[in-house]
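Below is one structure, written out as structure tokens; the observations come after it.
Bear in mind these aren't lab numbers, they're just calculated from the coordinates by the rules spelled out. Just so you know, these numbers come straight off a predicted model, no measurement behind them. Neighbour counts are summed over all protein chains in view; Cβ atoms, including those assigned to glycine, are modelled from backbone coordinates with ideal geometry.
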Amino acid sequence: MRKAVQTLGLVVAAVGVSGTLDRLLGHQPIMGFLNVVNRFVIPRVDALAGYELFANLVIAVLGISVIAAAARLPGAGGDR
């Protein structure tokens, strides 16, 4: 369970970093496939208009928070 949650957190953090790079550079030099949220979800949420960079940073922090929270979950071997 822990590894699955950590993997999910890693993917969410990578999506946030990818979107942040895309907003800062105007294009995505690497990890372009991770821009799904940045290209399709964030522009459709009217409340985020003008805050796209901030939204991507929040997504990255959310992913890091999920990774940190996964450390508190019991592992597959029942080590806690």
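Once you reduce the stretch 1-36 and the stretch 45-60 to the center of their Cα atoms, the two points are 14 Å from each other.
Highest mobility in the GNM of the chain, judged by mean-square fluctuation with C-alpha springs under 10 Å and restricted to Ile30, Ile42, Ile64, is found for Ile30.
In the Gaussian network model of the chain, springs joining C-alpha atoms below 10 Å, which of Leu34, Leu48, Leu21 carries the largest mean-square fluctuation? Greatest mean-square fluctuation among the candidates belongs to Leu48. Applying both filters, DSSP loop and at most 16 other Cβ atoms within 10 Å, to the chymotrypsin sites (Phe, Trp or Tyr not before Pro) of the stretch 15-77 gives Tyr51.
Over all orientations, the stretch 2-70 has a Cα convex hull whose mean projected area works out to 4.5 square nanometres.
Computed on the stretch 2-70, with alpha-carbon pairs under 8 angstrom and 6+ residues apart, the relative contact order is 54 percent. Adding -39500 (n - 2.57) for every DSSP H run of four residues or longer, then dividing by how many residues the chain holds, sets the calculated 222 nm ellipticity at -18500 deg cm²/dmol.
Just to confirm the number: angle between the C-alpha axis of helix 52-70 and the first principal axis of the chain, 0 to 90 degrees, nearest 10? Helix 52-70 sits at roughly 0 degrees to that axis. Put a dot 7 Å past the Cα of Ala49, heading toward its Cβ, do the same for Val36, and the two dots end up 2.6 nm apart.
Relative to the longest principal axis of the Cα atoms of the chain, the long axis of helix 2-25 makes an angle of roughly 20 degrees. Here the spin labels are modelled as points 7 Å beyond Cα on the Cα-Cβ line, and at Leu62 and Leu24 they lie 2.0 nm apart.
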